[in-house]
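The values are calculated or read from the model by the stated rules, or taken from the named source; none is laboratory data. Everything quoted here is computed from the prediction, not taken from an experiment. For neighbour counting, all protein chains shown are included, and Cβ atoms are generated from backbone atoms with ideal geometry for every residue, glycine included.
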Amino acid sequence: MIQEKQVIIKPENVLPVASLQELRERMLDPRAYGSCAKSIPGECIGCPAFARCERPDKGKGRPVNGGVRITKSDARGGGIREDVMACFVYWQRKDAEESTGSLWDWIADEGQEITIRGSEPSRKDAAGNPLPGSGYQDTFKAITVPQFLGLNENKKLVQAAYQAAIMKKHHEKKRLEMREAAMAPPAGSIVNGETVGDDTAGKPKRR
């Protein structure tokens, strides 16, 4: 029986980067990269928010971004703002934030618009710099919720997938060589009338 060396997996990214199926298709180890799946020790990092997640494609889809409306409680300073965040961040923080009296609502999916609140100087010079003594005023800007950076867009993950494909071919070649070596007859055996490992086999004998 061929004994293979045990490989110790070091997590590269504990937060989800793709669906579990995508990781497997790209030969990225689920033990090293987070995914939209239930965490199974020793098999799959999964998603830290899996138990709390309420998405309809839970466990099957990919991570997504969303537009979130945050209504702060008085204990948090009050006020309302909208922001963009990944689904696993939203589900991880929602309960803790709402326990203080705040409200966290998912209001927009990828490709939809939300309004981001900012601020700018109330008086500026021609270059856009604030004038002395100028105060600040609120600004509101509509933005489109961007798509979550997937495997095809994340250069680091593209490189990792390419490297994984090369390593897989390398290991498969090594396993095949080991299997062939294990099945080969030992030196000195007689095969088809010739001695295995004998350099003189098949050569005409001198008289």
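Computed quantities for the displayed model
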read-out: Of residues in region 120-158 being aromatic (Phe, Trp, Tyr) and either closer than 19 Å to Ser35 by Cβ or loosely packed, with under 10 Cβ neighbours inside 10 Å (or both), the one farthest from the chain's Cα centre (by Cα); value: Phe140
read-out: Residue list for region 92-103, restricted to those being within 17 Å of Ala51 (Cβ to Cβ) and either surrounded by 13 or more Cβ atoms within 10 Å (Cβ to Cβ) or among the acidic types (Asp, Glu) (or both); value: Gln92, Arg93, Lys94, Asp95, Glu98
read-out: Residues satisfying the stated conditions in region 96-113, i.e. at pLDDT below 95, within 28 Å of the chain's Cα centre (by Cα) and either small (Gly, Ala, Ser) or not in a helix (DSSP H, G or I) (or both); value: Ala96
read-out: Selection from region 50-109 of residues that are of a type in the set (D, E, K, R), within 23 Å of Arg26 (Cβ to Cβ) and out of contact with any helix residue (DSSP H, G or I) (no Cβ under 9 Å at 6 or more places or on another chain); value: Asp57, Lys58
read-out: The lone exception for Gly78 - which of (1) crowded, with 17+ Cβ neighbours inside 10 Å; (2) more than 27 Å from Glu153 (Cα to Cα) it fails; value: (1)
read-out: Verdict on Gly202 being loosely packed, with under 12 Cβ neighbours inside 10 Å and either outside any loop (DSSP other than H, G, I, E, B) or modelled with pLDDT of 70 or more (or both); value: no
read-out: Meets criteria (modelled with pLDDT of 95 or more and either within 26 Å of Phe140 (Cα to Cα) or crowded, with 17+ Cβ neighbours inside 10 Å (or both)) for Val17; value: no
